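Step one of this worksheet: look at the structure below.
The values are calculated or read from the model by the stated rules, or taken from the named source; none is laboratory data. Because the structure is predicted, anything quoted here is derived from the model rather than measured. Cβ: placed from backbone, ideal geometry, glycine included. Neighbour counts: every protein chain shown. The protein model used for the area step is the full one, side chains on, heavy atoms only, and it has no ligands, DNA or RNA in it. Shrake-Rupley method; radii C 1.70, N 1.55, O 1.52, S 1.80 Å.
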2 protein chains.
Amino acid sequence: MFSSQQKEAIYQVIKTRRDIRSFLRDSIPIETLYRILEAAHYAPSVGFMQPWNFIIISSDEVKKQLAWAADKERRALSIHYEDDNNRAETFLSLKIEGLIDAPYTICVTCDPTRGGSHVLGRNSIPETDIMSTACAIQNMMLAACAEGLATGWVSFYKKNDIRDILAIPPHIEPVALLSIGYTEHYPTKPILETANWEKRRNINTVIFYEKWGKHPTT
Amino acid sequence: MFSSQQKEAIYQVIKTRRDIRSFLRDSIPIETLYRILEAAHYAPSVGFMQPWNFIIISSDEVKKQLAWAADKERRALSIHYEDDNNRAETFLSLKIEGLIDAPYTICVTCDPTRGGSHVLGRNSIPETDIMSTACAIQNMMLAACAEGLATGWVSFYKKNDIRDILAIPPHIEPVALLSIGYTEHYPTKPILETANWEKRRNINTVIFYEKWGKHPTT
């Protein structure tokens, strides 16, 4: 059983965690990074398949290559916002320097073949491998936040560029690049909310009762 | 900044959380359920799209229908293990009564259309919508664990059965059924480890350095 202080700590970390794009170059003790990765490894996984791997990137040369891949994709994607000046500007101002500045970037991968051909539970919903990997990522982000560290989840890149840079086999999915480091400014609101890109939805609009579309009467 | 007690609480909850299949029928205060769902809603999401919905199921009639769908799929899947007696037996002994006994089951859905046609970040990696939803599920499981509650993630069902039972539109993905309740016995090891289905991998086998397959020298 957890005390009320411990319980409050969980909720506080869940609400404090933010996606961060600006990192200080200060180094992180390797033991801290390993505690965060151990938290990831304790995520649940479908059929206990543990489909994840974590590639720790700290070399400046590799970080530059990742930033090149992300920047190329960012410029390609910005073309889809060119008819909306505000969004195009907001989009292009999103920093990818985090990949260079943060002392560590973790490439999180998912191996859909792990655990054999008939992983328990994955036979019905195959994307549960990716979902398990996302649970590991959420554990990492919460553990990092509790450690006083910031994380930034980068998802603009072509997977094959990342495979080429990190020698990842073709059947392995590089599902996230997660930069980890200290930050000077830890915002209280999501960056995309501050930039007026999206608002947090009213929680009552996402909760239904007994069936889709039915709102609670309480 | 979090105190060392608060930090330890996060790691303790992450390591204590287990997937549970046996629930007591005791009810849960609705405020507790809402705190858990609020924790889910504070998950990160790609382009802040918040693609999730949570359908709270407490009616015995609906719970029975969900259990019917899961049991049907469990029996169908067991045929794939029929050549391996141990696995077939372990598989069929996995309880789905949790769906009946737990006071609440939450159907977690993902709406891939939310946020429009060009959700920031999802243009490169479309499965980031499902990954965001999985981060919300992980928050739910951790919050429930901190509240002294158990959760069981059921992923054997045909999505269309769940859509039919809960009136979910065809473009919405019912990605998880999550039962929440009290349990008499909270195991220290994963059920599938105790059943000799899979072991926890040595963490050193899932960590690489600078590129795929390269192990840290430290």
Report task. For the protein assembly as shown, give the magnitude of the charge dipole about the Cα centre (Cβ charges: +1 Lys/Arg, -1 Asp/Glu; no others), in debye to the nearest 20. Result -> 140 debye
Query raised in the report: How many nanometers, to one decimal and shortest first, lie between the label point of residue A:113 and those of its other copies, if labels sit 7 Å from Cα toward Cβ?
Result: 3.7
Query raised in the report: Regarding the protein assembly as shown, what whole-number volume in Å³ per residue does the convex hull of its Cα atoms give?
Result: 137 Å³
Report summary line: Kirkwood Rh for the stretch B:154-218 from C-alpha pairs, in Å, is 16.4 Å
Query raised in the report: If the cut-off is 16 Å between C-alpha atoms, which lysines fall inside it for residue B:63, apart from same-chain ones fewer than 8 positions away?
Result: A:211, B:72, B:95, B:158, B:159
Report summary line: Here the residues of the stretch A:75-119 whose accessible area is at least 20 Å² smaller with all protein chains than in the chain alone (probe 1.4 Å) are A:77, A:80, A:81, A:114, A:115, A:118
Query - Derived scalar couplings ³J(HN,Hα) [the stretch A:14-30; Karplus, 6.51 cos²θ - 1.76 cosθ + 1.60; whole Hz; x for Gly, Pro] - result: 4, 7, 7, 3, 10, 7, 10, 10, 10, 10, 7, 8, 3, 7, 10, x, 4
Report summary line: Sorted shortest first, the nm distances from the residue B:4 label point (7 Å along Cα→Cβ) to its counterparts in the other copies are 2.6
Query raised in the report: Shape call for the stretch B:1-66 from the C-alpha gyration tensor, a ≥ b ≥ c root eigenvalues: rounded (a/c under 1.5), prolate (a/b greater than b/c) or oblate?
Result: oblate
Report summary line: Here the residues of the stretch B:188-205 whose accessible area is at least 30 Å² smaller with all protein chains than in the chain alone (probe 1.4 Å) are B:192, B:198, B:200, B:201, B:203
Query - Highest to lowest packing among A:37-45, A:155-163, scored as the average C-beta count within 10 Å - result: A:37-45, A:155-163
Report task. Convert each backbone phi in the stretch A:134-139 into a coupling constant with the Karplus relation 6.51 cos²θ - 1.76 cosθ + 1.60 (shift: θ = phi - 60°), then list the ³J(HN,Hα) values in order as whole Hz, x for Gly and Pro. Result -> 5, 4, 5, 5, 4, 4
Query raised in the report: Which residue, chosen from A:196, B:110, A:85, occupies the Cα position most advanced towards the positive end of the dipole of the protein assembly as shown, where the dipole is computed from +1 (Lys, Arg) and -1 (Asp, Glu) charges on Cβ about the Cα centre?
Result: A:196
Requested in this report: Counting only C-alpha contacts under 8 Å and six or more residues apart, can you give the relative contact order of chain B as a whole percent?
Outcome: 32 percent
Query raised in the report: How big is the antiparallel share of DSSP beta bridges in the stretch B:19-205, given as a percent to the nearest 5?
Result: 95 percent
Query - Cα-centred dipole magnitude for the stretch A:19-205, charges only on beta-carbon of K, R (+1) and D, E (-1), debye, nearest 20 - result: 260 debye
Query raised in the report: For the charge dipole of the protein assembly as shown, defined by +1 on Lys and Arg C-beta atoms and -1 on Asp and Glu C-beta atoms about the Cα centroid, which residue among A:171, A:146, B:68 has the Cα displaced farthest towards the positive pole?
Result: A:146
Query raised in the report: In terms of modelled amide H atoms, which long-range or inter-chain residues lie less than 5 Å from the amide H of residue A:150?
Result: A:181, A:182, A:183
Query raised in the report: If one takes the accessible area of chain A alone plus chain B alone and subtracts that of the pair, with a 1.4 Å probe, what total in Å², rounded to the nearest 100, results?
Result: 9400 Å²
Query raised in the report: When Rg is the radius of gyration of the Cα atoms in chain A and Rh is its Kirkwood radius, what does Rg/Rh come to?
Result: 0.98
Report task. Would you work out what percent of the accessible area of the protein assembly as shown, with all protein chains in place, is carbon or sulfur (probe 1.4 Å)? Result -> 49 percent
Report task. State whether the stretch A:109-218 is rounded, prolate or oblate according to the following rule on the C-alpha gyration tensor (a ≥ b ≥ c being the square roots of its eigenvalues): a/c under 1.5 gives rounded; otherwise a/b larger than b/c gives prolate, and the remaining case gives oblate. Result -> oblate
Query raised in the report: Shape call for the stretch A:61-100 from the C-alpha gyration tensor, a ≥ b ≥ c root eigenvalues: rounded (a/c under 1.5), prolate (a/b greater than b/c) or oblate?
Result: oblate
Query raised in the report: Can you list the HN-Hα couplings for the stretch A:122-133, worked out from phi with the Karplus curve (6.51, -1.76, 1.60; θ = phi - 60°), rounded to whole Hz and with x for Gly and Pro?
Result: 7, 5, 8, 10, x, 6, 5, 5, 5, 5, 4, 5
**Report entry** Inter-chain shielding of A:142-155 (mean C-beta neighbours from other protein chains, 10 Å cut-off)
**Finding:** 4
